[in-house]
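Presented below is the structure to which this report refers.
The values are calculated or read from the model by the stated rules, or taken from the named source; none is laboratory data. Please read these numbers as outputs of a predicted model, since none were measured by experiment. Ideal geometry is used to build each Cβ from the backbone, glycine not excepted, and the neighbour counts take in all protein chains shown. All accessible areas refer to the heavy atoms of the entire protein, side chains included, with ligands and DNA or RNA removed. Shrake-Rupley method; radii C 1.70, N 1.55, O 1.52, S 1.80 Å.
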Amino acid sequence: MRSPGSLVAIDGSYGEGGGSIVRTALAMSALTQQSVKIASIRAGTPYPGLDVEDLVIANALAQSCQAECTGLEIGSETLVFHPTSRARSLTGVLEVPTTTRMPNSLIVLSSLLPVLARSGGYSTISCQGETYGTNALTFDYFANVGLYACRKMGIYAFPTLQTASFGRESGGDVSFDIEPSAINGVNWSQRGRLLSCLATVVTAELPNMVGQRGVAHLELMGRGANVPIEAEAIRVSSQRPGAFVTVWAQYENGAAGTTAIGQKGVRMESLAQNAFDNLMTWMSGDASVDPYLADLFLIPAVLAVGETTFKTSRLTQRFLTSVWVVKQFVPIHITVRGKEDSPGTVSIRRE
């Protein structure tokens, strides 16, 4: 590790060239007390520069560790983040700039989680933004897959969905309690015995029968596949109508989840079928985590006492890019076996 106060230079166009570079670099800067300069932010995406999600995360971490910042504005292609104190707990509502596109509230909260868990105090924060979307972190997945894995490592956090948002055009609201935590490595090289297979069918501003149809279809498919599913229909408050299905499996040493979002003209049974089929595909292999959970595992594993090992069903470019960012801050052993977009095994151990 460089000495506190040193500057780590990060090329934001490296690898995936997206928001994971910004999120990982800011968290590592706050945790190691090393200043960071991120240039060419999101250069690998059609919309370069800081977006609203990055800004909310950066502002929260700046408050936590009293950071001095330059370039902290929407569209900025270079950001310098200089922490002046160790991270402290946070309380209150995270500031979200007024724009036409809201942040994903779960990406914001999951990015802050490892930092606040190591702050030494109890944090209670809330964030407005998307709670259910396409190809994004969503509330039920985070609460039941991501935090299931975190608890296995000794991180205890408790989210509450106040208001749902399907997409980023309108804002939901999630509150989040985070306990100060001691983090330990886990051996998830073999996922072990299946403990449970569960599902939620979330609806807003739709007839009750829509959610019940989703539950019935999931239970029917589970019986046919000899994988009993405990499914629950949940009605949520939202500014707009919406439907969302999350199906997940919890193992002794593993977890994974799949999702499907409602669209106009698509029957609830089709949503349930899509999510169920994708989970069955993952369960047919021998991975202990899915690609999204691999992302969530990375920084907690870097902080953990002892080695962490897990097997992912797919090594994404996003994950491999985040590994590269972590290594710019700390001399850590991160061994990745496997090729991009293929299954892989990851072991993480501090020197």
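Summary of values
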| read-out | value |
| --- | --- |
| Answer residue from region 53-82, given it is among the aliphatic types (A, V, I, L, M) and open to solvent by less than 10 Å² (accessible area, probe 1.4 Å) and is nearest to Pro103 (Cα to Cα) among those | Val56 |
| Residue in region 101-110 that is charged (D, E, K, R) and out of contact with any Pro (no Cβ under 9 Å at 6 or more places or on another chain) present | yes |
| Subset of region 33-52 (residues that are under 19 Å from Thr321 (Cα atoms), of a type in the set (Val, Ile, Thr) and surrounded by fewer than 24 Cβ atoms within 10 Å (Cβ to Cβ)) | Thr45 |
| Whichever residue in region 109-135 is of a type outside the set (Lys, Arg) and in a loop (DSSP other than H, G, I, E, B) and, among such residues, is nearest to Thr160 (Cα to Cα) | Thr131 |
| Residue ID - farthest from Gln66 (Cα to Cα), chosen from residues in region 114-136 that are of a type in the set (A, V, I, L, M, F, W, C) and surrounded by fewer than 24 Cβ atoms within 10 Å (Cβ to Cβ) | Ala136 |
| Selection within region 147-166 - open to solvent by less than 10 Å² (accessible area, probe 1.4 Å) and under 19 Å from Ala204 (Cα atoms) | Ala164, Ser165 |
| Matching strands (runs of 3 or more DSSP E) fully within region 208-272 where at least 2 residues are open to solvent by 20 Å² or more (accessible area, probe 1.4 Å) and within 30 Å of Thr308 (Cα to Cα) | 254-261 |
| Candidate set from region 21-78 (those that are of a type in the set (Asp, Glu) and assigned to a loop (DSSP other than H, G, I, E, B)); member that is nearest to Leu7 (Cα to Cα) | Glu77 |
| Qualifying residues in region 185-207 (those that are assigned to a loop (DSSP other than H, G, I, E, B) and touching a Gly at 6+ places or on another chain (Cβ under 9 Å)) - the one surrounded by the fewest Cβ atoms within 10 Å (Cβ to Cβ) | Gly192 |
| Hits in region 1-20 (condition: in a strand (DSSP E or B) and open to solvent by 10 Å² or more (accessible area, probe 1.4 Å)) | Leu7, Ala9, Asp11 |
| Whichever residue in region 288-330 is out of contact with any helix residue (DSSP H, G or I) (no Cβ under 9 Å at 6 or more places or on another chain) and of a type in the set (A, V, I, L, M) and, among such residues, is surrounded by the fewest Cβ atoms within 10 Å (Cβ to Cβ) | Val305 |
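Rundown of residues vs (1) outside any loop (DSSP other than H, G, I, E, B); (2) on the phi < 0 side of the Ramachandran plot; (3) touching a residue at least 60 places away in the same chain (Cβ under 8 Å), yes/no style:
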position	(1), (2), (3)
Pro97	no, yes, no
Ile107	yes, yes, yes
Leu137	no, yes, yes
Cys150	yes, yes, yes
